[in-house]
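Here is the structure we will look at.
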Protein chains: 2
Amino acid sequence: MSTTQIRTNGVDTDTLFATLDAVRLQPALARFQFRASTRWLSGTHNRTTIGGFYGAGAEQAREQEFSIDADHPTVLVGDDHAPTPAEHLLQALGACLMSGLANIAAARGIELGEVTAELEGDIDLLGIFGLDDGVRNGFQEIRVTFHVAGDADAEQLARLVEQARRRSAVYDVLTHGVPVRILSASS
Amino acid sequence: MSTTQIRTNGVDTDTLFATLDAVRLQPALARFQFRASTRWLSGTHNRTTIGGFYGAGAEQAREQEFSIDADHPTVLVGDDHAPTPAEHLLQALGACLMSGLANIAAARGIELGEVTAELEGDIDLLGIFGLDDGVRNGFQEIRVTFHVAGDADAEQLARLVEQARRRSAVYDVLTHGVPVRILSASS
């Protein structure tokens, strides 16, 4: 007789908890290295491919390689083939908070309904354009507004958002920064 | 007689310089707001749509709306429908540096050949998992290795990478951080 796999919010919570137990016993399993490869196409249009990564103690292959394009819009002298890198950054943040929220809700036994997050980022391009040294290159502020429906009261739903923030990799990097080393190997 | 549009590396440099001149005269044109909307699908799988934005003094519509998915891989109890948010973050960085590099090369009259950037990010998931308070949630370090071919010497090509770094919105945000406000509106 096979056991029934229980999924809450599409999350296999038994496997999730078993994974956490395995990592408790062998913390080195938690060391991951993610990778991406960006290729210039034309102008501001470029394509990033994402495939294997290291984690859970081994190289991990994927069944498919993912491909993501970026470009600038025409008002910024691009061809608008794809979102800007700054918009991709907002996407990474929204996605990270959302994935975490769904896992946390499942672990707490809260069934989610519709969940959305609206992101906005203010940026003054005088920085990037090199026209004002007093203006930073990046976003000046990012705002995220969550709308969470589920079978719990408003306070419990708000706590899901708060816990997602506390355990988000992308939120941590965006708010605290990360060392970035850039090497140039001319060819 | 029509004028010939000169494009270097696919960049319309006349329009690029005219845009910079316009912003010098009217700096408020450089104020932009980018937006993204993330919707939960199932488990760690979610979809972000990216459409209009504010910039150059007006709301800017796009001909098409862009859609980007994220998920966790099976080893992290996801369904591997799409890259992880952490990989999307690497993509945003690679794309930002690459778009900048192409514009800078065009402005300097350097014709590019093949240009690629390999990105790696180290992350210890003990932080996200809540198993070690001494481990951060996000990447511990990100490395980017550029391979730049073009009709200039190695030093000039390396300077393109350095200037792309100096004028990158995403690099600035990742290395210096940005205020992020998260609001929760239960529904």
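Observations on the model:
- Chain A comes nearest to the axis taking it onto chain B at the Cβ of one residue; that residue and its distance, in whole Å, are A:Gly177, 2.
- Computed over the stretch A:79-166, Cα set: Rg, Dmax in Å: 16.7, 52
- Portion, in percent, of the accessible area of the protein assembly as shown that falls on carbon or sulfur, probe 1.4 Å: 48
- Heavy-atom accessible area buried between chains B and A is around 11200 Å² (1.4 Å probe, both sides summed).
- Gained length - B:Glu114 relative to B:Gln33, 0.36 nm times residue gap less alpha-carbon distance: 25.9 nm
- Starting from the label point of B:Glu59 at 7 Å along Cα→Cβ, the same points in the other copies fall at 5.1 nm, in ascending order.
- Reducing the stretch B:114-187 and the stretch A:148-187 to their Cα centroids gives an inter-centroid distance of 14 Å.
- Nearest-ten-degree value, helix A:154-166 long axis tilted from longest Cα axis of chain A: 60
- Rolling a 1.4 Å probe across the protein heavy atoms gives the protein assembly as shown an accessible surface of 42 Å² per residue.
- Other copies of B:Ala185: label-to-label distances in nm, shortest first, labels 7 Å along the beta-carbon direction: 4.8
- Size of charge dipole - the stretch A:97-187 - debye, nearest 20, with Cβ of Lys, Arg +1 and Asp, Glu -1, no other charges: 500
- Between the residues A:Ala106, A:Pro85, A:Cys96, the greatest Cα displacement towards the positive end of the dipole of the stretch A:67-147, with unit charges on the Cβ of Lys, Arg, Asp and Glu, is found for A:Ala106.
- Segments A:63-72, B:94-103, A:96-105, B:64-73 sorted - mean Cβ within 10 Å per residue, highest first: B:94-103, A:96-105, B:64-73, A:63-72
- Nonlocal amide H pairs with A:Gln140, under 5 Å, H built at 1.01 Å: A:Asp122, A:Ile123, A:Asp124
- Rolled with a 1.4 Å probe across the full set of protein chains, the surface gives A:Arg143 an accessible area near 40 Å².
- Degrees between helix B:13-25 axis and first principal axis of chain B (Cα, 0 to 90, nearest 10): 80
- When Rg and Dmax are taken over the Cα atoms of the protein assembly as shown, they come to 21.0, 81 Å.
- Cα shape, the stretch B:30-105, gyration tensor, a/c 1.5 rule: oblate
- Residues along the stretch A:7-42 losing 50 Å² or more of accessible surface when the other protein chains are present rather than the chain by itself (probe 1.4 Å): A:Leu20, A:Ala30, A:Phe32, A:Gln33, A:Phe34, A:Ala36, A:Thr38, A:Arg39, A:Trp40
- Other-copy label distances relative to A:Ala18, 7 angstrom Cα-Cβ extension, nm: 6.3
- Using alpha-carbon coordinates, inclination of helix A:85-107 to the longest axis of chain A, degrees: 10
- Distance (nanometres) between label positions extended 7 Å along Cα→Cβ at B:Arg62 and B:Ala18: 2.4
- Paramagnetic label zone (point 7 Å from Cα along Cα-to-C-beta, B:Tyr54; backbone N under 16 Å) in the stretch A:139-163: A:139-145
- Using every pair of distinct Cα positions in the stretch B:41-187, the Kirkwood expression returns a hydrodynamic radius of 18.3 angstrom.
The values are calculated or read from the model by the stated rules, or taken from the named source; none is laboratory data. This one's a predicted model, so the numbers in the text were calculated from it and none came from an experiment. Counting neighbours? That spans all protein chains shown, and the Cβs are built from the backbone with ideal geometry, glycine included. Accessible surface areas use protein heavy atoms only, side chains included; no ligands, DNA or RNA. Shrake-Rupley method; radii C 1.70, N 1.55, O 1.52, S 1.80 Å.
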